[in-house]
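Here is the structure we will look at.
The values are calculated or read from the model by the stated rules, or taken from the named source; none is laboratory data. None of the values given here were measured: they were computed from a predicted structure. As a convention, Cβ positions derive from the backbone with ideal geometry for all residues, glycine included, and neighbour counts pool all protein chains shown. Note: accessible area is taken over every heavy atom of the protein model, side chains too, but ligands, DNA and RNA are not part of it. Shrake-Rupley method; radii C 1.70, N 1.55, O 1.52, S 1.80 Å.
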Amino acid sequence: LALIESGKLTLSLEPVLLDDVMRECEAMIEPQAQKRDIKVIFTQPESPYCVKGDHTRLKQIVINLLSNAIKYNKLNGTVTVECRQTAFDAVRISVHDTGAGLTTEQLTQLFQPFNRLGQNVKEEGTGIGLVVCKRLIGLMKGKIGVESIVGEGSTFWIELDKTSPSQ
């Protein structure tokens with residue numbers, strides 16, 4: 001976070017094939033999901049997507065969202081990952097969990113550094129993951145957001161501009 005805020009973090013914005021990123025993320029997150037009996041489903045997009053971003057940082061963001069979705073899920077819960085094109089020539093990557101969901105008050109506090117929304121005792125973490133995600137996606141000229149229903153779960157999403165593999 002300090003590196004990002006200092007302005008010294010450099011990103012390599014180039015075409016990134018989401019299939020590659022998703023496969024890497026799936027392999028990395030599977031042990032954590034198995035340890036917690038969480039089923040992770042990566043839905044197959046209708047066509048391969050390519051976005052403008054930094055491959056490593058995009059993977060870091062998706063891993064963080066997946067890790068949170070597993071960490072704050074219910075026992076034997078599910079995490080579903082979906083990629084789809086938006087109406088504005090962007091691609092949205094959504095990570096949906098079947099956890100407890102977030103209240104309106106918790107949603108307003110989400111992207112604050114070191115605010116773990118009362119999870120300090122239950123789960124490991126520093127409370128900066130989502131802040132880092134928000135800053136990184138901003139550096140890639142993308143967006144991040146969340147929708148949540150208490151008792152049903154949350155969907156965290158990021159959007160990046162769609163591009164072609166050759167640009």
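Output the number of residues of the range 26-84 satisfying the condition of being assigned to a helix (DSSP H, G or I) and among the hydroxyl-bearing types (Ser, Thr, Tyr).
2
So, residue 167, is that one under 19 Å from residue 88 (Cα atoms) and modelled with pLDDT under 95 or not?
For residue 167, the condition - under 19 Å from residue 88 (Cα atoms) and modelled with pLDDT under 95 - is met.
For the range 96-111, name all the residues that are modelled with pLDDT under 85, over 16 Å from the mean Cα position of the chain (by Cα) and not in a helix (DSSP H, G or I).
Within the range 96-111, none qualify.
Looking at 130, 160, can you tell me which residue is at pLDDT below 95 and at negative phi?
None of the other options fit; the residue is 130.
Could you tell me whether any residue of the range 73-83 is in contact (Cβ under 8 Å) with a residue 40 or more places away in the chain and either on the phi > 0 side of the Ramachandran plot or open to solvent by 60 Å² or more (accessible area, probe 1.4 Å) (or both)?
No, the conditions are met nowhere in the range 73-83.
I'm told residue 143 meets every condition in (1) within 19 Å of residue 59 (Cα to Cα); (2) at pLDDT 95 or above; (3) open to solvent by less than 40 Å² (accessible area, probe 1.4 Å) except one. Can you identify the failing condition by its number?
Single failed check for residue 143: (3).
Tell me which residues, restricted to the range 85-95, are of a type in the set (Gly, Ala, Ser) and part of a strand (DSSP E or B).
Within the range 85-95, 90, 94 meet the criteria.
Between a first residue in the range 36-49 that is open to solvent by 60 Å² or more (accessible area, probe 1.4 Å) and a second residue that is basic (Lys, Arg) and not in a loop (DSSP other than H, G, I, E, B), which pairs have beta carbons less than 8 Å apart while being 6 or more apart in sequence or on different chains?
36/71; 46/84
Which number in (1) part of a loop (DSSP other than H, G, I, E, B); (2) in contact with a His (Cβ under 7 Å, 6 or more places away or on another chain) marks the one condition that residue 16 misses?
Condition (1) is where residue 16 drops out.
Among the residues of the range 13-35, what is the count of those that are touching a residue at least 40 places away in the same chain (Cβ under 8 Å) and either open to solvent by 80 Å² or more (accessible area, probe 1.4 Å) or on the phi > 0 side of the Ramachandran plot (or both)?
Count: 1.
Cβ-Cβ below 7 Å, separation at least six or inter-chain, first residue in the range 150-167 and within 30 Å of residue 77 (Cβ to Cβ), second of a type in the set (S, T, N, Q): which pairs?
Within 7 Å, the pairs are 150/103; 153/98; 154/148; 155/94; 157/94; 159/86.
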